[in-house]
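All remarks here apply to the structure that follows.
Here, each number is a calculation from the coordinates, and none is a lab measurement. What you are looking at is a predicted structure, and each value in this text was computed from that prediction instead of being measured. For neighbour counting, all protein chains shown are included, and Cβ atoms are generated from backbone atoms with ideal geometry for every residue, glycine included.
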Amino acid sequence: MMDTIKKTRFLVGIAGGSGSGKTTLASKLTSACAKIGITGQIFSLDNYYRPLGHLKFEERKVYNFDHPDAIDSTLALKHIKDLCAGREIEQPIYDFKRHTREKEAVLCKPTQLVIVEGLYTLYFPGILPLCDYKIFVSTDMVTAVLRRVQRDITERGRTIEDTRHQILATVMPMYETYVKPTQRNAHFSINWEGEEIPEKATEGLVRMLRDHFR
């Protein structure tokens with residue numbers, strides 16, 4: 001179970017399939033914690049996709065971004081450890097339209113709460129033991145796919161055909177093979193049906209964090 005020793009940092013890990021609502025839950029938690037005086041930030045593993053500038057653009061488009069090897073877990077782990085140790089980091093920015101990193105980075109300062117969210121938050125053996133509390137978000141496949149399609153078209157410049165191909169070729173197979181099995185590593189699983197994240201789940205997590213920093 002969770003370490004009961006009071007610390008200056010608390011790390012929450014949120015995993016789940018693509019379109020499951022990981023980012024929405026993380027945003028709701030940081031916002032609710034801010035209201036009770038707990039500083040927090042979202043550490044998205046999406047920022048740590050490997051840069052593909054060495055590949056031709058057509059090759060980048062068909063790259064398997066849903067495989068765990070697509071994530072630079074070594075750099076992500078280093079940055080998580082730095083934040084937990086009270087050090088600032090220069091976090092990369094990933095350009096999902098060009099499928100590579102931007103030249104600029106974002107300065108991230110340490111906060112009391114760090115929420116690591118991504119497909120493989122509960123997969124990487126280096127990151128897993130750092131998480132004080134681990135959450136897996138599951139959503140029905142239809143809802144998740146619709147969210148993925150909307151995001152990829154509006155935010156990442158993909159066509160409907162590109163998105164359809166990616167969902168069938170990599171998203172669903174990688175979820176079943178690598179992501180879904182990590183649910184066993186979670187302290188708590190949220191079954192999110194519908195549009196709104198379950199209020200009781202969020203409220204319980206906020207109470208836990210409040211008690212931790214009290």
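Given contacts defined as C-alpha pairs under 8 Å and at least six residues apart, what's the relative contact order of the chain, whole-number percent?
Numbers: 336 pairs, mean separation 74.1, N = 214.
Computed over the chain, the figure is 35 percent.
If you stretched the chain out fully between Ile93 and Phe188, how much longer would it get, using 0.36 nm times the residue separation minus the C-alpha to C-alpha distance? Let's see the in-between values first.
Numbers: separation 95, 0.36 × 95 = 34.20 nm, distance 2.98 nm.
Computed gain between Ile93 and Phe188 is 31.2 nm.
With each pseudo-label sitting 7 Å past Cα toward Cβ, what's the Leu128-Leu77 distance in nm, one decimal? Result: 1.2 nm between the two label points.
With each label modelled as a point 7 angstrom along the Cα→C-beta vector, the Glu104-Arg214 pair spans 4.2 nm.
Annotation note: GluC sites (Glu not before Pro) in the stretch 79-143 located in DSSP loop regions with a Cβ neighbour count of at most 14 within 10 Å are Glu88. Between the residues Pro68, Gly21, Tyr133, the greatest Cα displacement towards the positive end of the dipole of the chain, with unit charges on the Cβ of Lys, Arg, Asp and Glu, is found for Tyr133. If both residues of a DSSP beta bridge must be in the stretch 10-208, then about 25% of such bridges are antiparallel.
Just how large is the dipole of the chain about the Cα centre, in debye to the nearest 20, putting +1 at every Lys and Arg Cβ and -1 at every Asp and Glu Cβ? Don't skip to the end; give the middle numbers.
Working: 31 positive and 27 negative charges, 105 e Å.
Value, rounded to 20: 500 debye.
Please state the equivalent ellipsoid semi-axes for the stretch 39-162: what are the square roots of 5 times the Cα gyration tensor eigenvalues, largest first, in whole Å? Display every interim value, and only then the final one.
Details: eigenvalues 132, 71, 36 Å².
Over the Cα atoms of the stretch 39-162, the ellipsoid semi-axes are 26, 19, 13 Å.
Using the average count of surrounding beta-carbon atoms within 10 Å as a protection proxy, the listed peptides 76-82, 61-67 rank, highest first, as 76-82, 61-67.
Per DSSP H run of n ≥ 4, the term is -39500 (n - 2.57); total these for the chain, divide by its residue number, and report the mean residue ellipticity at 222 nm rounded to 500 deg cm²/dmol.
Details: 6 runs with 67 residues, N = 214.
Taking each H run of at least 4 residues, the total per residue is -9500 deg cm²/dmol.
In this structure the amide hydrogen of Ser189, modeled in the peptide plane, comes within under 5 Å of the amide hydrogens of Phe136, none closer than 5 places in sequence on its chain.
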